[in-house]
Amino acid sequence: MKWFKRWRIRHILDRHTIPWPLWSTLMHSAPIFTGLSSSERAHLRLLTSLFLHRKTLSGIHGLYISPEIMVSIGAQACLLILKLDLDYYDGWSEVLIYPSAFKVARDVSDAAGVVSHQERMLSGESWSRGPVILSWDDIETELSSCHPGHNVVIHEFAHKLDMLNGRANGMPPLHGEMVREAWTKSFSQAYERLQKELKHHRPGINAYGATAPAEFFAVASEYFFTAGQTLKKHYPAVYDQLAAFYRQDTAGR
Ligand SMILES: [Zn+2]
């Protein structure tokens, strides 16, 4: 079956590889891709082409999904799995894109069992075995200039990886050579430290990471890909775990 899979991939790439001018413009205009080697960029282009062939990107409220929008979302999503495999995004097929932040309404129950109706504005959301939902406004802002530690595409696709082994809990399926206890220790110590820091002074990374372990993993991933050195400075053990998981050394780029 392996030869068949390879043949199919070749067949798709022959017809659907992202055109060079479109790809080159994105690589040279978005700071998040700075520092990738030419072979990494070439591999990212193939991964992104296959990703866009497998997934459906749909605009909400009449948003036209231009080739530029498709490629910029696809390439950022595939940056997380550059050294992994496209199969990490199996089991779901849709990316929904709102023109700007969108409102969600939900019934939430607290620890005492009291159910309340809440409405919130979001820039992204990730459903288990369902779609990734994004706001184009936010993506565009974060893509065109440097916003260290902020990237909604990285955030939501990190949740997707986290949910590969069940509910989002801040621990994606680790590789065989990784040690589960080391991951748990690094992340739980960092999570507790961020919560303590919040009470006394401005924390080293985005406070949103302190809302839940799953959010800490997603926020730490945002830093890993947009401000690797900042994450390495404030949370070196978390950086090392993410470097082992993503198989990338972003601080060195
Ligand atoms: Zn989140």
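Tally the residues that are in contact (Cβ under 8 Å) with a residue 60 or more places away in the chain, polar (S, T, N, Q) and away from the ligand (no atom under 16 Å from the Cβ), restricting the search to segment 214-247.
So the count comes out to 2.
Of the numbered conditions (1) at positive phi; (2) touching a helix residue (DSSP H, G or I) at 6+ places or on another chain (Cβ under 6 Å); (3) not charged (D, E, K, R), Gly113 fails exactly one; give the number of that condition.
(2)
Within segment 174-187, identify whether any single residue is farther than 21 Å from Ala237 by Cβ and among the aromatic types (Phe, Trp, Tyr), and answer yes or no.
No: zero hits.
Which of the residues belonging to segment 20-31 are more than 21 Å from the chain's Cα centre (by Cα) and either over 10 Å from Val71 (Cα atoms) or touching a residue at least 60 places away in the same chain (Cβ under 8 Å) (or both)?
The answer is Trp20, Pro21, Ser24, Thr25.
Taking segment 124-141 as the search range and keeping residues that are closer than 19 Å to Tyr223 by Cβ and open to solvent by 40 Å² or more (accessible area, probe 1.4 Å), which one is farthest from the ligand (Cβ to nearest atom)?
Ranking the candidates gives Thr141 first.
Looking only at segment 128-148, how many residues end up being assigned to a loop (DSSP other than H, G, I, E, B) and closer than 24 Å to Leu86 by Cα?
Number satisfying all stated conditions: 4.
Are there any pairs, at least 6 apart or on different chains, whose C-beta atoms fall under 7 Å, with the first in segment 53-68 and at pLDDT 95 or above and the second acidic (Asp, Glu) and loosely packed, with under 14 Cβ neighbours inside 10 Å, and if so, which?
Note: pairs meeting the criteria are Lys55/Glu94; Thr56/Glu94; Ser58/Glu94.
Of the residues that sit in segment 39-71 and are in a helix (DSSP H, G or I), among the small types (Gly, Ala, Ser) and open to solvent by 30 Å² or more (accessible area, probe 1.4 Å), which one is farthest from Met27 (Cα to Cα)?
Ser39
With the requirement that a residue be of a type outside the set (Asp, Glu) and surrounded by fewer than 11 Cβ atoms within 10 Å (Cβ to Cβ), what does segment 80-114 give you?
Of everything in segment 80-114, those that are of a type outside the set (Asp, Glu) and surrounded by fewer than 11 Cβ atoms within 10 Å (Cβ to Cβ) turn out to be Lys103, Ala105, Arg106, Val108, Ser109, Ala111, Ala112, Gly113, Val114.
Has segment 167-180 got any residue that is under 28 Å from Pro131 (Cβ atoms), open to solvent by 20 Å² or more (accessible area, probe 1.4 Å) and of a type in the set (D, E, K, R)?
yes
So the check is Cβ under 6 Å with 6+ separation or different chains; which pairs have a first residue in segment 92-112 that's of a type in the set (S, T, N, Q) and a second one that's open to solvent by 80 Å² or more (accessible area, probe 1.4 Å)?
Once the first residue is of a type in the set (S, T, N, Q) and sits in segment 92-112, its partners that are open to solvent by 80 Å² or more (accessible area, probe 1.4 Å) give Ser109/Val115.
Kindly indicate whether Asn169 is closer than 22 Å to Thr250 by Cα, within 16 Å of the ligand (Cβ to nearest atom) and modelled with pLDDT of 95 or more.
Taking the combined requirement at face value, the residue does not satisfy it.
Of a type in the set (Lys, Arg) and within 15 Å of the ligand (Cβ to nearest atom), is that true of Arg180?
Spelling it out, it is not the case that Arg180 is of a type in the set (Lys, Arg) and within 15 Å of the ligand (Cβ to nearest atom).
If Leu164 satisfies every condition in (1) open to solvent by 70 Å² or more (accessible area, probe 1.4 Å); (2) modelled with pLDDT under 95; (3) of a type in the set (A, V, I, L, M, F, W, C) but one, which is the exception?
(2)
Considering Lys232, Lys196, which residue is farther than 24 Å from Thr141 by Cα, out of contact with any helix residue (DSSP H, G or I) (no Cβ under 8 Å at 6 or more places or on another chain) and open to solvent by 70 Å² or more (accessible area, probe 1.4 Å)?
Lys196
The values are calculated or read from the model by the stated rules, or taken from the named source; none is laboratory data. For clarity, every value in this text was computed on a predicted model and none was experimentally measured. A quick note on method: Cβ atoms are made from the backbone with ideal geometry, for glycine too, and the neighbour counts reach across all protein chains shown. Calculation scope for accessible area: heavy atoms of the full protein, side chains included, ligands and nucleic acids excluded. Shrake-Rupley method; radii C 1.70, N 1.55, O 1.52, S 1.80 Å.
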